[in-house]
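The values are calculated or read from the model by the stated rules, or taken from the named source; none is laboratory data. This structure is a prediction, so every number in the text was calculated from the model and none was measured. Counting neighbours? That spans all protein chains shown, and the Cβs are built from the backbone with ideal geometry, glycine included.
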Amino acid sequence: MITIVDYNMGNSGSIRNMLKKLGFDSQITSDPRRVAAAGKLILPGVGAFDAGMENLERGGLIPVLNERVLAARIPVLGICLGMHLMSRSSAEGERQGLGWIDAEAVRFHPGGNALKVPHMGWNGVTAMRSETLVQDLPVDSRFYFVHSYFIRCRREADVLLTTSYGGVFHSAFQCDNVWGVQFHPEKSHKFGMRLLKNFAERC
C-alpha cells in the first residue's frame with residue numbers, strides 16, 4: 001500500500017483518487033505509527049516551506065520519515081512543496097529541509113523578461129536520463145505547474161527532468177530511493193497518470 005503523508009499542506013485526496021483510478025491501494029495518514037509501516041510514501045504539498053517543516057515537526061513525523069527513507073530506504077515521491085521539503089533549504093524560508101537530496105529551492109526572478117510569477121499552467125518536460133519514474137512517457141508530455149520557487153540540484157546526476165520557463169530549471173530529480181517532481185501529476189491527466197503508475201509499479 002502507498003502511504004500519502006498528511007501534514008495539512010497538500011491536496012492528498014486528489015492523489016489518492018488518481019491512484020484508485022489506476023487500481024492501487026493507498027491511505028492518507030498523519031499517524032507516525034502508520035507512516036512507520038509504509039512500504040511506499042508520497043509527500044505532497046501546497047504552501048510555504050517553513051510552515052510545511054513546522055507541520056511535519058509538530059506531527060512527530062520527521063524522525064519516522066527519516067527512518068523509512070534513509071534507513072529502510074523505501075521509495076518516496078515528493079510533489080511540489082513536498083519536493084522542496086526533501087532538499088536542504090529554501091529561499092522562501094529560514095528552516096532547514098529534510099536534506100534527503102543535495103539541493104535547495106530558489107525563487108523565479110522576472111528580470112527583463114516580464115516573467116509571470118508564479119509559473120502557472122501546462123508546460124513540457126525534457127528527460128535528462130532514462131529512469132523508472134519516467135519510463136514510457138511520450139516525448140510531448142506536459143504537466144501542470146503552480147509554483148514561485150523551484151529546486152536547484154547541486155549534482156547534475158540527480159536531475160531527472162528539466163523544464164523551460166525564463167530559462168531551464170530542474171522539474172524532477174531522483175537520487176537512490178528518493179524522487180521529486182515540481183509539477184502536480186494528480187492534475188496532469190494522462191501524463192500524470194503514467195508517472196504515478198510508474199511510481200506505484202516500478203519504483
>> Show the residue pairs meeting these rules: Cβ distance below 7 Å; 6+ apart or different chains; first residue within region 44-70 and modelled with pLDDT under 95; second residue of a type outside the set (A, V, I, L, M) and assigned to a helix (DSSP H, G or I).
In response: G45/G52; G45/G82
> Which number in (1) in contact with a strand residue (DSSP E or B) (Cβ under 9 Å, 6 or more places away or on another chain); (2) modelled with pLDDT of 95 or more; (3) of a type outside the set (A, V, I, L, M, F, W, C) marks the one condition that G166 misses?
Replying inline: (2)
> Looking only at residues in region 91-104 that are within 16 Å of I62 (Cβ to Cβ) and not aliphatic (A, V, I, L, M), which one is surrounded by the fewest Cβ atoms within 10 Å (Cβ to Cβ)?
Replying inline: Q96
> Yes or no: V64 β-branched (V, I, T) and closer than 22 Å to A103 by Cβ?
Replying inline: no
> Taking region 160-172, which residues are in a loop (DSSP other than H, G, I, E, B) and of a type outside the set (G, A, S)?
Replying inline: Y165
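Any idea which of G97, G93 is assigned to a loop (DSSP other than H, G, I, E, B) and either modelled with pLDDT under 95 or more than 29 Å from F191 (Cβ to Cβ) (or both)?
G93
Let's see how each residue does on (1) under 23 Å from N11 (Cβ atoms); (2) within 14 Å of the chain's Cα centre (by Cα):
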| residue | (1), (2) |
| --- | --- |
| I79 | yes, yes |
| A114 | no, no |
| M120 | yes, no |
| V125 | yes, no |
| S130 | no, no |
| F145 | yes, yes |
| C175 | no, yes |
>> Can you pull out every residue in region 173-196 that is in contact (Cβ under 8 Å) with a residue 60 or more places away in the chain and part of a strand (DSSP E or B)?
In response: F173, C175, V178, W179, G180, V181, H184
> From D140, D136, which residue is loosely packed, with under 15 Cβ neighbours inside 10 Å, at positive phi and either modelled with pLDDT of 95 or more or assigned to a loop (DSSP other than H, G, I, E, B) (or both)?
Replying inline: D136
